[in-house]
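The values are calculated or read from the model by the stated rules, or taken from the named source; none is laboratory data. Model, not experiment: these values are computed from the prediction. Neighbour counts run over all protein chains shown; Cβ positions are idealised from the backbone, glycine included. For accessibility, only protein heavy atoms count, side chains too; no ligands or nucleic acids. Shrake-Rupley method; radii C 1.70, N 1.55, O 1.52, S 1.80 Å.
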Amino acid sequence: MKKLLFVIASILLIQYASAQENNPIKISGYIETYYNYDFNQPSTNTRPNFIYSHNRSNELNVNLAFIKGTYQTDRLRANLAIALGTYMTANYAAEPDVMKNAFEANAGVKLSKSSNIWLDAGVFSSHIGFESAISKDCWVLTRNISSENTPYYEAGAKLSYANDDQTFSATLLYLNGWQRIKRLDGNTKPAGGLQLNWKPAENITLNYSNYLGYEGENAVRVQRFYHNFYAIAQLSSSFGLTAGFDYGTQQVAKGSSDKKEILSPVLIARYTFNDEWAIAGRYEYYKDKEAMIVSAVNPNFEVNGYSLNIDYSPFKQALFRLEGKIYQGDNQFMRNNATVNYNSSITASLALSF
């Protein structure tokens with residue numbers, strides 16, 4: 001904690017000492033507090049094990065808080081963000097102590113004077129999915145199951161290109177693994193990924209991302225191949241739709257041609273009444289019948305999810321949110337030491353950014 005406070009203080013001192021117009025160094029910050037009530041009343045106050053964000057129940061807590069320094073010139077860029085919160089505790093549990101607070105730590109160089117070609121390396125946000133760890137930037141308060149169980153962050157290097165009008169971009173990635181800063185001991189195989197993003201019209205975004213890598217130590221490692229598709233359509237100034245589809249496979253055992261599978265469609269609709277009020281609803285389906293990623297209470301993990309949230313933003317930097325959510329899956333949840341078919345919860349949050 002002393003190291004964390006020292007880094008934060010250093011960033012603030014740099015910003016104070018160099019504060020001026022057109023300064024390439026910028027400082028920003030974010031904090032989101034929340035309260036969740038899980039009607040299944042888990043005895044440990046921890047929500048089901050496939051939930052990593054807003055995962056503590058019946059207590060006021062901080063989901064994510066970070067301070068971020070950004071350096072940007074025509075040919076160089078860098079980001080450093082130090083964070084804490086229950087999101088960090090749940091997602092960074094496997095990382096070395098010195099990296100458990102590394103929300104972002106990357107540097108990049110523009111390889112061409114005339115084209116938008118960048119090479120970046122370090123720790124950066126995931127290229128998979130349309131939802132990030134920063135809840136304020138997402139249409140709904142909590143994450144869907146596929147977002148929770150694909151990487152939130154990645155470590156490695158990426159080569160990216162974007163055309164001049166930013167309607168098309170492509171990124172090729174070399175990674176240390178599936179949401180890993182430190183590569184798994186005993187695994188010598190790197191991972192990789194591809195992202196293609198296209199905006200055929202100002203109000204439409206189409207995206208395809210994939211991941212190819214090996215899970216487990218060399219002696220037993222199995223290949224994982226994951227695909228993510230999504231489309232975002234802002235159909236009017238007030239109404240928008242987001243549709244996502246995830247499909248992943250993984251070898252049952254090393255050398256086997258048999259595959260485990262994951263299937264997950266998601267649909268979100270959002271209506272904005274004005275600058276202050278908005279409402280959004282989500283339907284999601286997640287099937288992982290052979291525990292490829294989700295370790296379920298019972299085998300054959302198959303869950304439908306429904307959520308509805310309302311947002312109030314009194315000004316641009318603040319957002320109050322309230323969400324109700326229901327998961328339905330046959331004997332997939334626990335209540336009073338017995339399996340049940342439903343998990344219902346209410347979550348409230350306050351997010352501030354600067």
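Computed values, structure above
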item: Nearest-0.05 FRET efficiency for Arg183 and Phe315, computed from C-beta distance (R0 56 Å); result: 0.80
item: Computed E for Ser353/Val220 - FRET, C-beta separation, R0 30 angstrom, nearest 0.05; result: 0.10
item: Value of [θ]222 nm, deg cm²/dmol, for the chain, DSSP H segments ≥ 4, -39500 (n - 2.57) each, nearest 500; result: -2000 deg cm²/dmol
item: For the chain, built as a Gaussian network whose Cα springs stay under 10 Å, the top-fluctuating residue of Leu175, Leu212, Leu60; result: Leu60
item: Label point distance in nm, Asn336-Leu267, each placed 7 Å from Cα along Cα→Cβ; result: 3.6
item: Estimated FRET transfer efficiency when R0 is 25 angstrom, pair Ser237-Leu196 (beta carbons, to 0.05); result: 0.35
item: Point-charge dipole on Cβ atoms (K/R +1, D/E -1) for the stretch 42-189, about Cα centre, debye to 20; result: 220
item: Theoretical gain in end-to-end length, Ala253 to Glu276 [0.36 nm per residue, Cα-Cα removed]; result: 3.1 nm
item: The chain, dipole about Cα centre (Lys/Arg Cβ +1, Asp/Glu Cβ -1), debye to the nearest 20; result: 680
item: Cα-projected label distance for Asn203 with Leu322, points at 7 Å along beta-carbon direction, nm; result: 3.0
item: Accessible area per residue, Å², the stretch 230-354 with all protein chains present, probe 1.4 Å; result: 51
item: Whole-number percent relative contact order across the stretch 22-157, with pairs defined as alpha carbons under 8 Å at least 6 apart; result: 20
item: Given charges at beta-carbon only (K, R positive; D, E negative), |dipole| of the stretch 254-314 in Debye; result: 300
item: Length-normalised contact order for the chain - Cα pairs under 8 Å, 6+ apart - percent; result: 13
item: Cross-link pairs beyond the 27 Å C-alpha cut-off, checked among Lys158/Lys182; Lys100/Lys289; Lys68/Lys316; Lys110/Lys316; result: Lys100/Lys289; Lys110/Lys316
item: Positive-end extreme of charge dipole, the stretch 272-313 - chosen from Ile310, Tyr286, Phe273 (charges on Cβ); result: Tyr286
item: Relative packing of 283-296, 234-247, which averages over residues the other C-beta atoms within 10 Å, highest first; result: 283-296, 234-247
item: Cα centroid of the stretch 231-266 to Cα centroid of the stretch 106-184, whole Å; result: 17
